[in-house]
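Written out below as structure tokens is the structure these notes cover.
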Amino acid sequence: MSEGERKGRPMDEQSLIQKVQEGNLEAFGSLMDLHVRRLRAVIALNAPVPHLIDEIAHETYVFAYNHIDDFQRGTSFFAWLKSIAWNLLRAEIQRFSREQANQLKYAEKRVFDVAPGRPLEHSAKELDGLEKCLERVPPRLKQLIQMRYHLSFSTEEIAERVDQSAAWVRTTLCRLRRQLKDCVQDKMATEKA
């Protein structure tokens, strides 16, 4: 036991790093205690959702422990931890963004899927039902439909014109299509009854 430890003073960071690199797990806990608050603060400032803070912090500690031999003593340990956390967080944000985009694309596709064996042409009754359903759509939302399906604007162009995000436009159009589809189906079912 060192003299600093006997007097109740914590060991310095470089000594702890050396002990961890020699295989001392307890020293790793002490080393992490030196940085846990600052690291969590850095992650919290950049994480898109709160539940990622603990997850990314934990993954950072595990990665740091497993790769402690790669750390060069004499350099900033906190900077090394921060870069590990940032890389893990960036990968998680990219995965989350891809997942969100895929869910939106899937939702849009599902709305337009044609049932097997159903002809693509719509009957006059369906078109009449659609026109009646469109009459009930608020003017601002009707403008989105007009820009997308009559003027063939991209979601990005629509987003710029209505001062919203492209994700908002895609989500709103998806919901509108779903509502219109349900409305037309209800009208068709009512007429058959």
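The values are calculated or read from the model by the stated rules, or taken from the named source; none is laboratory data. It should be emphasised that the depicted structure is a prediction, and the values quoted were computed from it without experimental measurement. As a convention, Cβ positions derive from the backbone with ideal geometry for all residues, glycine included, and neighbour counts pool all protein chains shown. Side chains included, ligands, DNA and RNA excluded: accessible areas come from the protein's heavy atoms. Shrake-Rupley method; radii C 1.70, N 1.55, O 1.52, S 1.80 Å.
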Accessible surface, 1.4 Å probe, highest first, among residues S152, S97: S152, S97
Karplus (6.51, -1.76, 1.60) ³J(HN,Hα), θ = phi - 60°, over region 164-172, in Hz, Gly and Pro reported as x: 9, 7, 5, 4, 4, 4, 4, 5, 5
Which residues' amide hydrogens lie under 5 Å from the amide hydrogen of F153, considering only partners 5 or more residues apart or on another chain, with H built in the peptide plane? R148
Per the charge dipole of region 43-109 (beta-carbon charges, Lys/Arg positive, Asp/Glu negative, Cα centre), the residue among S83, A64, Q94 reaching farthest to the positive end is Q94
Distance in nm between pseudo-label sites at W168 and W86 (7 Å out along the Cβ direction from Cα): 3.0 nm
Once you place label points 7 Å from the Cα toward the Cβ at N46 and M188, how far apart are they in nm? 5.1 nm
Segment E55-D70, extension gain: residue separation times 0.36 nm, minus the distance between their alpha carbons: 3.2 nm
Please turn the phi angles of region 81-98 into ³J(HN,Hα) values with the Karplus equation 6.51 cos²θ - 1.76 cosθ + 1.60 (θ = phi - 60°), one per residue in order, whole Hz, x for glycine and proline. 4, 4, 5, 5, 4, 4, 5, 5, 5, 4, 5, 5, 5, 4, 4, 4, 5, 4
Using a basic spin-label model with each label point 7 Å from the Cα along Cα→Cβ, how many nm lie between K181 and K142? 2.3 nm
Residue-ordered couplings for region 146-158, obtained by feeding phi - 60° into the Karplus form 6.51 cos²θ - 1.76 cosθ + 1.60 and rounding to whole Hz (Gly and Pro as x), are 4, 5, 6, 9, 9, 9, 6, 6, 6, 4, 5, 5, 5
Would you mind checking region 33-56 for residues with the amide N under 15 Å from a putative spin-label position 7 Å along Cα→C-beta of R98? none
So between D33 and Q18, what do we pick up on full extension, going 0.36 nm a residue minus the alpha carbon distance? 3.8 nm
I need the trypsin sites (Lys or Arg not before Pro) found in region 38-89, filtered to DSSP loop residues with at most 11 other beta carbons within 10 Å of theirs. R73
